[in-house]
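The values are calculated or read from the model by the stated rules, or taken from the named source; none is laboratory data. Note that the coordinates shown come from a computational prediction; the quantities given were computed from them, not determined experimentally. Ideal geometry is used to build each Cβ from the backbone, glycine not excepted, and the neighbour counts take in all protein chains shown.
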Amino acid sequence: MKRIRELRKERGLSQSDLAQKLKISQGMISYWERDDFEPNITMLSRLADLFNVTVDYLLERTDRRESISSVDDLYLALAREAQARRLPKGAVKSVIASLDEYMGS
């Protein structure tokens with residue numbers, strides 16, 4: 001899994017360092033990074049927590065690293081997405097108003 005390698009290197013961790021944090025063998029990290037084996041769901045969850053990303057990000061189902069766990073996170077994600085897509089401010093305000101109405105604010 002290339003994302004495990006990328007995240008490990010971003011944090012300056014060796015395979016041995018990561019293995020120690022997860023209480024597994026360095027060889028298992030190597031297997032994952034070479035795509036010889038995939039981590040089980042429990043280990044995927046632990047990796048996601050350790051690297052502060054989603055399991056979907058680790059599995060390359062999305063390029064979005066962070067999860068949306070609160071309304072504030074949702075608004076921040078919306079703002080980032082609107083900026084990336086260069087949406088007009090009126091469109092963003094309309095979406096926020098709809099979210100506010102839906103959330104009962």
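The listed residues are Glu10, Glu33, and the only one of them that is without any contact (Cβ under 8 Å) to a residue 40 or more places away in the chain, among the acidic types (Asp, Glu) and in contact with a helix residue (DSSP H, G or I) (Cβ under 7 Å, 6 or more places away or on another chain) turns out to be Glu33.
A quick yes/no check of all residues on (1) charged (D, E, K, R); (2) more than 17 Å from the chain's Cα centre (by Cα):
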position	(1), (2)
Arg8	yes, no
Gln15	no, yes
Ala19	no, yes
Ser25	no, yes
Ile29	no, yes
Leu47	no, no
Leu50	no, no
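Could you check, for segment 36-54, whether at least one of its residues is modelled with pLDDT under 90 and more than 22 Å from Glu10 (Cβ to Cβ)? No, the conditions are met nowhere in segment 36-54.
If we keep just the residues of segment 55-98 that are hydroxyl-bearing (Ser, Thr, Tyr) and within 19 Å of Arg11 (Cβ to Cβ), which is surrounded by the most Cβ atoms within 10 Å (Cβ to Cβ)? Among those residues, the one meeting the criterion is Tyr57. Selection of first residues in segment 86-99 that are touching a residue at least 12 places away in the same chain (Cβ under 8 Å) and of second residues that are assigned to a helix (DSSP H, G or I) and among the aliphatic types (A, V, I, L, M), restricted to Cβ pairs under 6 Å at least 6 apart or on distinct chains, gives the following pairs, ordered by first then second residue: Val92/Ala82. Within segment 35-53, being under 11 Å from Arg3 (Cα atoms) and in contact with an Asp or Glu (Cβ under 8 Å, 6 or more places away or on another chain) holds for one residue alone: Val53. Number of residues in segment 1-30 that are hydroxyl-bearing (Ser, Thr, Tyr) and in a loop (DSSP other than H, G, I, E, B) equals 2.
Checked against (1) over 11 Å from the mean Cα position of the chain (by Cα); (2) modelled with pLDDT of 95 or more, Asp73 meets all criteria but (2). Out of segment 12-35, which residues are surrounded by 12 or more Cβ atoms within 10 Å (Cβ to Cβ) and within 23 Å of Arg61 (Cβ to Cβ)? Result: Leu18, Leu22, Met28, Ile29, Tyr31, Trp32, Glu33.
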